[in-house]
Amino acid sequence: MDRHLRPHDDHSPPLTRSHDLEAAGPAGDDVGLSASSCDDDLNGLITTTATTTTLDHKGRGKWETVVLAYKTLGVVFGGLVTSPLYVYPSMQLKSPTEENYLGIFSIMFWTLTLIGVVKYASIAVRADDQGEGGTFALYSLLCRNINIDILSSKRHRAISSSPQRISRLGKFFEESLVARRVLLFIAILGMCMLIGDGVLTPAISVLSAMEGIKAPFPSFKNSMVELVSAIILIALFLLQKFGTSKVSFLFSPIMGAWTLTTPMVGVYRIIKHYPGIYKAISPHYIFTFFWRNGKEGWLLLSGTILCITGSEAMFADLGHFDGTSIQIAFFCTIYPSLILTYAGQTAYLIKNPNDHADGFYKFIPSAVYWPMFLIATLAAIVASQSLISATFSIIKQAVGLDYFPRVKIVHTSTRQEGEVYAPEVNYILMVICVAVILVFGDGADIGNAFGVVVTMVMLITTILLTLVMIIVWRTPILLVTLYFVVFFLMEGVYVSSVFTKIPEGGWIPFAISIMLAFIMFGWFYGRQRKMQYELTHKIDLDRLRTLLSDPGIQRVPGMCFFYSNIQDGLTPVLGHYMKNMRSLHRVTIFTTLRYLLVPKVAQHEKIIVKKLGLRGVYGCVIQYGYADTLNLNGDDFVQQVTEALQIHISNSSGYAEDDIAEIQEAKVAGVVHVRGKTKFHIGKDCGWFDRSMLAFYEVLHSNCRSSLPALGIPLKQRIEVGMLYEA
């Protein structure tokens, strides 16, 4: 017996081994299927625990890891390493002094060191959910280790193979519905803010780079800068369909040139203007800065926080790369480059204190101005890629968790499972991003909005990481306390500063987040209500046996895959179908798509089949994680299921050749796939909240993609049965 799959009772036949299926199946088919016992309880079909397939590439060679680290330059670190373009211009400095600049550099140094090096590069990249990163991955990691899941009934927590005692904090979340809802709200807010980051990063990066053309050409108007920036971004979004690997291969040389040349200019400025700049590494200059400037110094934090923009992509883009390659790139190139560049900018500004409004291009020597302008423009384009890729990843996770309407998800790599592209999301991002540039063309307003997003995402990540440390990792409480106090206080101070900028552009990400949160909540609420109705009106096997005993019900030739959303019963659409059609196919396979809170389900566990005790009636569960793809060919899917059924029947104690022959005859006669097309009937008794939310859900549902095309089911084989659910 396969060690990962176990029967649910002592009378279960051996589960189908993957090599058995390979011998019986078509060439090249390595999808294993398992079978369970023949009792009449549908629950037996879903008790099998799925094993997760890790996305951690431990078998990758050293050189392959180095190459992957090089590719991260073009995807992961674009936003972070190009932040010198807009940090100093975003600060509203008034008659800055040498002490002020030393204090600002000291703040940026320790922000990059603590948040970049310690938090993200050393801790967060280790908190992946088997290869996937981001706030939703942290949330699902918590859900898989303690029972805090308030998601729909089709989700079941993956039980660890070595269960351990739940911590006090874990028990608190399990027992408190309010705490679980607050945690879910935090995860959703983090996701929405990161998507907002995906809108603002391209806007501010490209716009800041194009500002450089105004210095040599003063007649070049702001409107022209905004138009050129918009055209560049449209071209970038159109490139996304080629996939992260191809885009990163194209972009990484550009970022390599940027990462190398800007610190070289920085070293030149340090030697020429202020060789003693690194004395500002001492935290003494931070205390002196706030002592001298008070409230004004606190307000300037809304600009200094931009030095760490894009660091969240190190965590969110884990699905596109891996932790080791990201760490190599950050420690060896990105961090030293940023420190040298900011040190050089600060050294220049100490001798030219009033040039801060154009703090990057004034910092560039005139002899290399145009080459650096070209590199900066190209680098700004690349900078947009990191958060665009991260947005695709978190949208995919949200769709898998059923918190977002179904959109098309395309896997653009056969080697990197987390590398995805969402066409609809891509074009919506493009429209919003271009609108932000054309409507809010002022770089200062976009910078204020950017600061709000950056601080909120960092703070939410700190909270969720703290919970992971306590509940999942069982980190000593002293270390957890040290981590939480340092980062929560540090990021909390930043948040308090950037919130003062909400009237000056900071409201933009909140508007985007509220819109996204409303869509997510409306979708989730409608899905929950629909699930509640189906569970209340589900059909069990006794009821099905009664329906089939009616002489008016005919068993017609053919094979039918009848799709159901619930796993411990049959959908009420079945009763509606049989009462009106007065028939059922001779071989009917009740099929459920079962989402698991894991990135990937092992190949031999993706399809589970079972005989349900009635002649010609079977159950099938298709299991998948949020990093899996369901893009099966419809005919291949039917072939896999029928072969699994034959193996299951052969291994059953009540083996009958007639059953196998019946399956073959039904397959030849024709295959259909039946799903319910349900809508809510909103009666007069519904309250205003239900009426509005369910109406909004129906709008979303009618415009989202069907789940069946994801299986590659031919259009001619699909049948939709309409039914109204009473709200």
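Is the range 523-536 home to any residue that is in the same structural domain as Q640 (by TED's automatic domain parsing), of a type in the set (K, R) and either outside any loop (DSSP other than H, G, I, E, B) or surrounded by fewer than 21 Cβ atoms within 10 Å (Cβ to Cβ) (or both)? Checked against the condition, which is being in the same structural domain as Q640 (by TED's automatic domain parsing), of a type in the set (K, R) and either outside any loop (DSSP other than H, G, I, E, B) or surrounded by fewer than 21 Cβ atoms within 10 Å (Cβ to Cβ) (or both), the range 523-536 yields no hits at all.
If you take the residues of the range 496-509 that are under 25 Å from the mean Cα position of the chain (by Cα) and part of a helix (DSSP H, G or I), which of them is surrounded by the most Cβ atoms within 10 Å (Cβ to Cβ)? Among residues in the range 496-509 that are under 25 Å from the mean Cα position of the chain (by Cα) and part of a helix (DSSP H, G or I), the one surrounded by the most Cβ atoms within 10 Å (Cβ to Cβ) is P509.
Counting only residues that are out of contact with any Leu (no Cβ under 8 Å at 6 or more places or on another chain), among the hydroxyl-bearing types (S, T, Y) and at pLDDT below 85, the range 691-725 holds 2 of them.
Residues in the range 79-106 that are hydrophobic (A, V, I, L, M, F, W, C) and more than 31 Å from the chain's Cα centre (by Cα) were compared, and the one that is surrounded by the fewest Cβ atoms within 10 Å (Cβ to Cβ) is L93.
When V452, V486, V493, V480 are checked against the criterion of being among the aliphatic types (A, V, I, L, M), part of a helix (DSSP H, G or I), farther than 30 Å from S90 by Cα and out of contact with any Leu (no Cβ under 6 Å at 6 or more places or on another chain), a single residue qualifies: V480.
Applying a threshold of 8 Å to beta carbon distances and a minimum spacing of six or more residues, or different chains, the list of pairs starting in the range 250-264 at a residue that is at pLDDT 90 or above and ending at one that is in a helix (DSSP H, G or I) and of a type in the set (S, T, Y) reads T259/T333; T259/S337; L260/S337; T262/S337; T262/T341; P263/S337; P263/T341.
Listed by first and then second residue, the pairs linking a residue in the range 470-484 that is under 15 Å from I166 (Cα atoms) and free of Cβ contacts under 8 Å to residues at least 24 places away in the same chain to a residue that is surrounded by 11 or more Cβ atoms within 10 Å (Cβ to Cβ) and not polar (S, T, N, Q), with Cβ atoms under 6 Å apart and 6 or more places separating them unless they lie on different chains, are T475/M469.
Residues are listed down the side, and each one gets a yes or a no for (1) out of contact with any strand residue (DSSP E or B) (no Cβ under 8 Å at 6 or more places or on another chain); (2) outside the structural domain of M255 (by TED's automatic domain parsing); (3) buried (at least 22 other Cβ atoms within 10 Å of the Cβ):
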{"position": "T324", "(1), (2), (3)": "yes, no, no"}
{"position": "S337", "(1), (2), (3)": "yes, no, yes"}
{"position": "L349", "(1), (2), (3)": "yes, no, yes"}
{"position": "S366", "(1), (2), (3)": "yes, no, no"}
{"position": "L378", "(1), (2), (3)": "yes, no, no"}
{"position": "F392", "(1), (2), (3)": "no, no, yes"}
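If a residue must be of a type in the set (V, I, T) and over 36 Å from the mean Cα position of the chain (by Cα), how many such residues does the range 319-370 contain?
Qualifying residue count, the range 319-370: 4.
The values are calculated or read from the model by the stated rules, or taken from the named source; none is laboratory data. Predicted model only: the values in this text are computed from it and were never measured. Positions of Cβ are backbone-derived with ideal geometry, glycine not excepted, and every protein chain shown enters the neighbour counts.
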